[in-house]
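Below is one structure, written out as structure tokens; comments come after it.
Each value in this text was obtained by applying a stated rule to the coordinates, not by laboratory testing. The structure displayed is predicted, hence computed values, not measured ones. Here the Cβ positions follow ideal geometry from the backbone for every residue, glycine too, while neighbour counts run over all protein chains shown.
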Ligand SMILES: *Cc1c(COP(=O)(O)O)cnc(C)c1O
């Protein structure tokens, strides 16, 4: 540890076991992509991408060409899907680093074709995943525009459709029709593609669904893939990092799918976020603590200063509303969280000294703080809790 002690520990063994569990749940005909976008959900690409490959992931999912280039340097053999698409001028980098882009706009296809020509790539030599907008209206080619888009894959094109892909907007909703509606639209797209036959239009994979889709069984996706003689591909993020998505609306008690129960019982959180006590002080009753005196000591108190603040990702909304772990006990955050520091009440915890470990997220003794605990108080979701952990917080594989 170099200097300021605020760090993240990544349990690579847990990550590998999670991948193995998800893969066994998905079944052998399904390809499981490990999603490592946004610095592996804030867990650190350098540690997590090679661990996912070690666990057997053949595919890694990233957002951008830049992230793809970073993953390529770590994982020379993995297939890398650039899920967020490319930007003008990035066709050459896609080819040079062996990335596989999601494409849905005509200009993206044109950019890739001209880069392929420059690299002397022959017919069908550059695989892409065509994204269909089936209802999320975020990215993807619409069903109306699909026939014209498919002309980019006509005979002689260097582009080849390796997968047909879509993203579900509500696979974490129990009992709403959104996913079924999206899958019906996806089937229309597959019908359109099949009717436009050409050598470069014979996809191998149907890439649909994230963590939540598997935990509800994923069986409709598998059936759809089978009907069109495709192999299903699922793209796991949150579950890979050991957090099962929560469903809202939730399943009725007793009606949770088996896959969800299994995941809840067996996934292991991968990340722990820690700091240390910088100093300890006693204050008198009536002392104001932190910016604007939002906490006033009601009695003589012992306070510990902790080297973690909102610049490290510790949400400012946690001030006066959350506890950290010290000596395996809950120490309430008193006053506002500052940029680089926060203060916890250790009056009830004996013998706290400078240098003692503080857990912001993870377990200590028998107590644990989860990403859901943070999310609930911050008014957000675990995905954001993780990805907001600051870049200056070192990620260490353990
Ligand atoms: C982030 C992302 C995923 C993974 O989502 P999780 O819910 O974290 O499993 C899958 N597919 C796409 C396109 C994504 O952007």
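Run the paramagnetic zone check for residue 220: 7 angstrom along Cα to Cβ, then residues of the range 20-37 with backbone nitrogen under 20 Å.
Flagged as within label range: 26-27, 30-31.
Rounded to the nearest 0.05, what FRET efficiency do residue 196 and residue 392 give with R0 = 51 Å and r taken as the Cβ-Cβ distance? Could you check?
Numbers: r = 50 Å, r/R0 = 0.98.
Plugging the Cβ-Cβ distance into 1/(1 + (r/R0)^6) gives 0.50.
Roughly speaking, what is the stretch gain from residue 184 to residue 145, that is 0.36 nm per residue apart minus the C-alpha to C-alpha distance, in nm to one decimal?
12.3 nm
Using 0.36 nm per residue of separation minus the Cα-Cα distance, give me the extension gain between residue 348 and residue 4 in nm, one decimal.
Between residue 348 and residue 4, full extension yields 121.2 nm more.
Quick one: check the C-alpha center-to-center distance for the range 85-114 versus the range 329-398, whole angstrom.
The range 85-114 and the range 329-398 have Cα centres separated by 41 Å.
In whole percent, what relative contact order does the range 40-84 give with Cα contacts below 8 Å and a gap of six or more residues?
41
How do 211-222, 242-253 rank on mean C-beta neighbours within 10 Å, highest first?
Numbers: 211-222: 21.4, 242-253: 15.6.
Most protected by this proxy first, the peptides run 211-222, 242-253.
For the range 1-126, report the convex hull volume of the alpha-carbon atoms normalised per residue, in Å³, without decimals.
Convex hull of Cα atoms, per residue: 135 Å³.
Given the peptides 233-240, 316-323, arrange them by the average over their residues of other C-beta atoms within 10 Å, most packed first.
Peptide ranking by packing, descending: 233-240, 316-323.
Compute the length gained on full extension between residue 107 and residue 266: take 0.36 nm times their separation in residues and subtract their Cα-Cα distance, giving the result in nm to one decimal. Intermediate values should be presented prior to the final figure.
On the way: separation 159, 0.36 × 159 = 57.24 nm, distance 4.42 nm.
Value of the extension gain: 52.8 nm.
Taking neighbour Cβ counts within 10 Å as the exposure measure, how do 274, 117, 77, 185 sort from fewest upward?
Fewest-to-most Cβ neighbours within 10 Å comes out as 77, 117, 185, 274.
Where does each of 132, 396 land when they are ranked from fewest to most other beta-carbon atoms within 10 angstrom?
Neighbour counts put them in this order, fewest first: 396, 132.
Cα axis of helix 178-194 to longest principal axis of the chain: angle in degrees, 0 to 90, nearest 10?
Helix 178-194 sits roughly 30 degrees off the main axis of the chain.
Compute the orientation-averaged projected area for the chain from the convex hull of its Cα atoms and round it to one decimal in nm².
Numbers: hull surface 85.1 nm².
Here the figure is 21.3 nm², rounded to one decimal.
Mind telling me which of 308, 197, 210 comes out most flexible in a GNM of the chain, alpha-carbon contacts under 10 Å?
Highest fluctuation among the options: 197.
Could you tell me how many degrees, from 0 to 90 and to the nearest 10, lie between the Cα long axis of helix 45-54 and the main elongation axis, the longest principal axis, of the Cα atoms of the chain?
Between helix and principal axis, roughly 60 degrees.
Where does helix 65-74 land angle-wise versus the long Cα axis of the chain, in degrees 0 to 90, nearest 10?
With both axes taken from Cα atoms, the answer is about 80 degrees.
Just want the ordering: 54, 133, from fewest to most Cβ atoms lying within 10 Å of their own Cβ. Intermediate values should be presented prior to the final figure.
Numbers: 54 13, 133 21.
Fewest to most other Cβ atoms nearby, the residues stand as 54, 133.
Quick one: among 296, 71, 94, which has the greatest mean-square fluctuation in a GNM of the chain with alpha-carbon springs under 10 angstrom?
Top of the fluctuation ranking is 296.
Quickly estimate the mean residue ellipticity at 222 nm for the chain, helices only: each DSSP H run with n ≥ 4 gives -39500 (n - 2.57), and the total goes over all residues, rounded to 500.
Dividing the helical sum by the residues of the chain leaves -8500 deg cm²/dmol.
Taking a label point 7 Å from the Cα of residue 252 along the Cα→Cβ vector, which residues of the range 158-183 have an amide N closer than 14 Å to it?
Once the point is set 7 Å along Cα→Cβ of residue 252, 174-176 turn out to lie under 14 Å by backbone N, inside the range 158-183.
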